[in-house]
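Reviewing the structure listed below.
The values are calculated or read from the model by the stated rules, or taken from the named source; none is laboratory data. Here the structure is a predicted model, which is why all the values come from computation and not from measurement. Ideal geometry is used to build each Cβ from the backbone, glycine not excepted, and the neighbour counts take in all protein chains shown.
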């Protein structure tokens with residue numbers, strides 16, 4: 001029985017704790033970037049934002065491929081972006097007419113990003129060459145979708 005408990009703890013850490021930790025880091029970084037008074041250099045902020053744009057969606061791909069953990073890889077893709085969207089949504093909490101219009105565009109946009117990142121983790125966790133190519137294609141699609149929403 002104790003041996004089985006160790007496996008359950010390891011699985012819990014893999015599937016919940018690690019994705020939650022990555023989510024917390026993503027949210028903290030986004031909050032720090034939102035608080036511009038903490039950073040004197042716009043170049044530094046831009047560097048961090050660029051890093052997040054290209055690295056954060058790679059996490060579910062890397063995590064899924066290394067661990068083969070489908071649940072954890074999906075969570076690794078979904079949770080950070082759901083958290084970032086929640087932070088952004090809370091920042092737009094005035095709910096004026098323009099805010100409602102923004103929400104009607106933002107919610108579908110972010111849902112697509114969240115779904116793509118979750119699928120990316122799922123396919124990477126299969127650890128087959130064809131699934132890995134699908135996961136890489138989803139990563140590229142994620143980047144293109146994000147860039148299409150920047151005006």
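Just one residue in the set 144, 90 is outside any loop (DSSP other than H, G, I, E, B), loosely packed, with under 12 Cβ neighbours inside 10 Å and modelled with pLDDT of 85 or more; that residue is 144. Looking at residue 138, is it part of a helix (DSSP H, G or I) and either at pLDDT 95 or above or surrounded by fewer than 13 Cβ atoms within 10 Å (Cβ to Cβ) (or both)? In short, yes. Here are some residues: 5, 12. Which one is loosely packed, with under 13 Cβ neighbours inside 10 Å, modelled with pLDDT under 75 and under 13 Å from residue 75 (Cβ atoms)? Among 5, 12, only 12 is loosely packed, with under 13 Cβ neighbours inside 10 Å, modelled with pLDDT under 75 and under 13 Å from residue 75 (Cβ atoms). Pairs are defined by a Cβ separation below 7 Å, a sequence spacing of at least 6 or placement on different chains, a first member in segment 23-52 that is closer than 23 Å to residue 74 by Cβ, and a second member that is at pLDDT 70 or above and part of a loop (DSSP other than H, G, I, E, B); the pairs so defined are 26/56.
One line per residue, one yes/no per condition, for (1) surrounded by 13 or more Cβ atoms within 10 Å (Cβ to Cβ); (2) at positive phi; (3) modelled with pLDDT of 85 or more; (4) out of contact with any strand residue (DSSP E or B) (no Cβ under 7 Å at 6 or more places or on another chain):
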site	(1), (2), (3), (4)
48	yes, no, no, yes
70	yes, no, yes, yes
74	yes, no, yes, yes
94	no, no, no, yes
100	no, no, no, yes
120	yes, no, yes, yes
123	yes, no, yes, yes
131	yes, no, yes, yes
148	no, no, yes, yes
